[in-house]
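Novice: Have a look at this one before I ask anything.
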Amino acid sequence: MIDVESISKSFDENAPYALRGVTFSASKGDSIAIIGPSGCGKTTLLYILAGLINPTSGQVRIRGKQVLCPLRTTAFVLQDFGLLPWKTVRQNVCLGMKIHEISKEEQDNIAGKLLLDLGLGSHSDSYPALLSGGEKQRVAIARALALRPEIMLMDEPFSSLDTITREKLQDTLLDICRERELTMIIVTHSIEEAVFLGRTILVMGPRPGTVKVVINNANAGNLSYRSQKDFFSTCTHVRQAIEL
């Protein structure tokens, strides 16, 4: 479904590369976690996958077609939630649908169901300033899902949340991805999060970012995985790979 072929990126012809030779692929319904040191180009890679910036060399193909601009079938959830403070929860969820000129009736139906599914039904008319961090993140996820994407790109979406809220939202995200057969690519600095969410873990090296190690992690997404011996063994494997 997604093929990333030798992606390299420099933001100026005289600047050092942020990414060099990144290659990987993902099938429908896969989950990939990308982890590595700060400044290794993880977020840049997501922006390229989203079609928001183009690589200096190499290409991204989705269903065989080169990605040169943002696609409606790809959703991007930002680290800082990206909510508009002057719009209500419902208005934030409807934003993408409004841009794509979906009818008001359909917007209301889709947003209403998503808000109920994500436990935000009572906050429909609230403004972001009145929400907790976990609630804001659920609004951002609802907005991303409103356009019924096939691919979810997530840039450290839970980094500002406490451990319990983070784990509950991870569980919610997995349920949504399974239900909708979404392909998920998540950037994280958390080893535990990478191991819990990513059936494939890409460990990147320092700038210029390259894929240093690929770790297959078949138990990812199992809700009991966090308490299993294999979970801690895989966390150790990832930590060692980062430190190589």
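The values are calculated or read from the model by the stated rules, or taken from the named source; none is laboratory data. From a predicted model like this one, the values you see are computed outputs, not experimental measurements. As a convention, Cβ positions derive from the backbone with ideal geometry for all residues, glycine included, and neighbour counts pool all protein chains shown.
Novice: Only one of these conditions is not met by Val60: (1) farther than 15 Å from Leu145 by Cβ; (2) at pLDDT below 90. Which number is it?
Specialist: The single condition Val60 does not satisfy is (2).
Novice: Scan region 68-79 for residues that are surrounded by fewer than 20 Cβ atoms within 10 Å (Cβ to Cβ), in contact with a helix residue (DSSP H, G or I) (Cβ under 9 Å, 6 or more places away or on another chain) and of a type outside the set (S, T, N, Q) and jot them down. Walk me through it before giving the result.
Specialist: Of the residues in region 68-79, the ones surrounded by fewer than 20 Cβ atoms within 10 Å (Cβ to Cβ) are 68-73, 78-79.
Remaining after also requiring in contact with a helix residue (DSSP H, G or I) (Cβ under 9 Å, 6 or more places away or on another chain): 72, 78-79.
Of everything in region 68-79, those that are surrounded by fewer than 20 Cβ atoms within 10 Å (Cβ to Cβ), in contact with a helix residue (DSSP H, G or I) (Cβ under 9 Å, 6 or more places away or on another chain) and of a type outside the set (S, T, N, Q) turn out to be Arg72, Leu78.
Novice: Moving on. Report, by residue number, each residue of region 38-53 that is surrounded by fewer than 16 Cβ atoms within 10 Å (Cβ to Cβ) and more than 15 Å from the chain's Cα centre (by Cα).
Specialist: Ser38, Gly39, Ile53
Novice: What single numbered condition from (1) closer than 22 Å to Leu78 by Cα; (2) more than 18 Å from the chain's Cα centre (by Cα); (3) surrounded by fewer than 22 Cβ atoms within 10 Å (Cβ to Cβ) fails to hold for Gly29?
Specialist: Answer for Gly29: the failing condition is (2).
Novice: Just name the residue that is surrounded by the fewest Cβ atoms within 10 Å (Cβ to Cβ) out of those in region 92-126 that are part of a helix (DSSP H, G or I) and either touching a residue at least 60 places away in the same chain (Cβ under 8 Å) or among the small types (Gly, Ala, Ser) (or both). Step through it out loud before you land on a result.
Specialist: Going residue by residue through region 92-126, those that are part of a helix (DSSP H, G or I) are 92-99, 104-117, 121-123.
Going one step further and asking which of them are either touching a residue at least 60 places away in the same chain (Cβ under 8 Å) or among the small types (Gly, Ala, Ser) (or both), we end up with 96, 111-112, 121-122.
Working: Gly96: 18, Ala111: 23, Gly112: 14, Gly121: 13, Ser122: 10.
Looking at the filtered set, the residue picked out is Ser122.
Novice: Something else now. Name the residue, out of Ile62, Ile110, that is out of contact with any helix residue (DSSP H, G or I) (no Cβ under 8 Å at 6 or more places or on another chain) and not basic (Lys, Arg).
Specialist: Values: Ile110 fails: out of contact with any helix residue (DSSP H, G or I) (no Cβ under 8 Å at 6 or more places or on another chain).
Every option except Ile62 fails the conditions.
Novice: Of the numbered conditions (1) within 29 Å of Gly58 (Cβ to Cβ); (2) free of Cβ contacts under 8 Å to residues at least 24 places away in the same chain; (3) charged (D, E, K, R), Lys212 fails exactly one; give the number of that condition.
Specialist: (2)
Novice: Follow-up. Are any of the residues in region 65-73 under 23 Å from Thr43 (Cα atoms) and of a type in the set (Ser, Thr, Tyr)? Please lay out each step first, then the result.
Specialist: Keep residues of region 65-73 that are under 23 Å from Thr43 (Cα atoms), which gives 65-73.
Adding the requirement that they be of a type in the set (Ser, Thr, Tyr) leaves 73.
Yes.
Novice: When you go through Lys212, Lys168 one by one, which is the residue that is charged (D, E, K, R) and more than 30 Å from Ala15 (Cα to Cα)?
Specialist: Lys168
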